[in-house]
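These notes concern the structure reproduced below.
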Amino acid sequence: MSIQMTIELSTEKPRQNGFYTAHLDLPATDMEIEDAVRRARFHNESARRYLVIEESELFDESHLAVSADSLHELNYLARRLDGLSDEDAVKFAAVYAARTEEFPRDAYMQVRSAINMTYGLDAVPVASNVSNNYELGKFIVENDFDERFENIPDSVLEYLDYRAIGKSFREQDGGEFIGRCYVPTRYYETQNVYDGEHLPPPSPEQSAVFSLLVAPAPESDPDEVLDLAQWLHLPASEEQMDALAEQLGVDKVQDCVFYDFKSGIPQIEKYMIRSMSNIEKLNKLAEDYSALTAEKRTMFKAVMERGYTSTLDGAIAAFKCMDNYEFDFEAENSDDFFKKYLAYHAPTNFDNRWLDGIRSEVDADRLLQRLGAAQTPYGIVSKQFGSLFALTDYFEAEKFELIEVVGQPALFSDSRISDTEVPNGLHRYDLRVGDDDFCDGAIEKNVYVNYGGSILLQQPLDLGADGYIQLDEDSSPNFTGEEMTAEKFASTDFTEYDIEDINQTGGMRL
């Protein structure tokens, strides 16, 4: 699919305190639309909602009547445009331009009318390599489109005013120049295929959670089977997968390879699938995900965002335990949640409007850390088995988990620690998780993908020329079961701790 337009969805926050926003390229699948709707809280029809066409070669809101209810119509229009041939796309652009020129400045075309203009384009002719009145006039004369010029001697042709001839014919034709093409729009007849209420049912591709472009495994060159490749849309029944396997000439779809992957869950990416041997797991996840409510699907994505899950098995595990989390979709960031948290614990007669003027991102971030909660594009999600609104001793110094890693004591946090939060004398690094959790992960200065947590150490690490330390079963983090503040950790002499005793007892001892 090619992008036909980019839109912005926005919803006013409670108490008119700003807007939730999300951007979406059209055409989009149902799952992509749902994701943007949830990020922009656009499903809240009781709030003020706005839909704006941000970018499009054809459309702007000075001619096209767009409202908050236009989302699915705009998407269908984009799908229709994406399916047009290059020639029909030129014809549509011309017909649309001609029709909008007929509108007065304060009038707008309905999206329904634009959709119907994508039908009936076969009746409209198009002339290539004609981009102005002069070229049009010359084209008309040379191709005998006007009997008045049929018998004119060649010696007279050079004296004809081709520009005037072209202008006259363009006005009669309602003609439009689109790029290097001329389209006489008077041949177009208005269509009434779409009634403005009943959009066609979604195709399997439109409603899929995942789509994979699959083909038989090549013998040598991967390109040799690309012509055979077909899309497999999940969830799919066993009969559908068997039918595709038969069509591709293999015993089962697991014998195929996939060349492309489209995901309706942004947190599940192509690299996580690995091979078609995981197709049953992926299909089961697609089935279970489809059966959820939109609210539950949003919560699952928030849990995925929190966990920085990098494997398919990790995603499945997150799906199974997502009910162990609390989720607040109204709070877009830590500052929003901070105010909501204060209001929740304030006396019943407290006027919450006093909170609107508070701006305290540092304190807000600190509160999330105390609660073990995390900010996601969908809202705030708690730690596992945690409560978002639990009372916490906000002013007590935060405690971290005491671990041993690469032979050194360290503090561990599953939330990111910024350099500004590191006490003097300590050194921060990030952990990258591998396919087998930390056992094949790494220690790096900063990790942005497959992030597994942050650690604080008393001594700096030599990350080497490659900028990381590879972890294995012996050097990966060993959790002692103890907790400690960063301040106490920085002042503790760990030569008095028996590090070797960790593997035997599960904790450090004095």
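Each reported figure results from applying straightforward, stated rules to the coordinates on display, with no laboratory input. As the structure is a prediction and not an experimental result, all values here were calculated from the model. Cβ coordinates were reconstructed from backbone atoms using ideal geometry, including for glycine residues, and neighbour counts include every protein chain displayed.
Indicate the gyration tensor shape class of the range 5-116 (rounded, prolate or oblate), computed on the Cα atoms with a ≥ b ≥ c the square roots of the eigenvalues: a/c under 1.5 is rounded; otherwise a/b larger than b/c is prolate and the rest oblate.
Working: a/c = 2.79, a/b = 1.61, b/c = 1.74.
Oblate, because a/c is 1.5 or more while a/b does not exceed b/c.
Pairs to check: LYS13/LYS445; LYS284/LYS339; LYS281/LYS445; LYS13/LYS301; LYS340/LYS399; LYS281/LYS301. Give those whose C-alpha atoms are more than 29 Å from each other in this structure. List each step's numbers first, then the result.
Numbers: LYS13/LYS445 37 Å; LYS284/LYS339 40 Å; LYS281/LYS445 34 Å; LYS13/LYS301 21 Å; LYS340/LYS399 24 Å; LYS281/LYS301 18 Å.
Going by Cα-Cα distance, LYS13/LYS445; LYS284/LYS339; LYS281/LYS445 fall outside the 29 Å limit.
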Handout entry: Total charge dipole magnitude, the range 5-116, about the Cα centre, Cβ charges on Lys, Arg, Asp, Glu only, Debye to nearest 20
Key = 580
Exercise for the section: Using only the Cα atoms of the range 197-320, build the gyration tensor, take square roots of its eigenvalues as a ≥ b ≥ c, and label the shape rounded, prolate or oblate: rounded if a/c is under 1.5, else prolate if a/b is larger than b/c, else oblate. Expected result: oblate
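Using a cut-off of 11 Å between beta-carbons, work out the net charge of the residues near MET484 (Lys and Arg +1, Asp and Glu -1, MET484 not included).
Details: positive: LYS399, LYS488; negative: GLU398, GLU401, GLU482, GLU483, GLU487.
Local net charge: -3.
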Problem - Charge dipole (the range 124-187, unit charges on Cβ, about Cα centre) - positive-most of PHE139, CYS181, SER168 - result: CYS181
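Place the peptides 362-368, 221-227 in order of packing, highest mean first, counting for every residue the other Cβ atoms within 10 Å and averaging per peptide.
Numbers: 362-368: 17.7, 221-227: 11.0.
Highest-to-lowest ranking by the protection proxy: 362-368, 221-227.
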Practice task
Rounding to the nearest 20 debye, state how big the charge dipole of the chain is about its Cα centre with +1 on each Lys and Arg Cβ and -1 on each Asp and Glu Cβ.
Solution key: 1840
Practice task
Arrange the peptides 202-213, 381-392 so that the one whose residues have, on average, the most other Cβ atoms within 10 Å appears first.
Solution key: 202-213, 381-392
Problem - Contact order normalised by residue count of the range 5-116, Cα under 8 Å, 6+ apart, percent - result: 27
Problem - From the coordinates shown, P(r) over Cα pairs in 20 Å bins from 0, in percent corresponds to which of (1) 17, 38, 30, 12, 3, 0; (2) 20, 47, 28, 5, 0; (3) 23, 53, 23, 2 - result: (1)
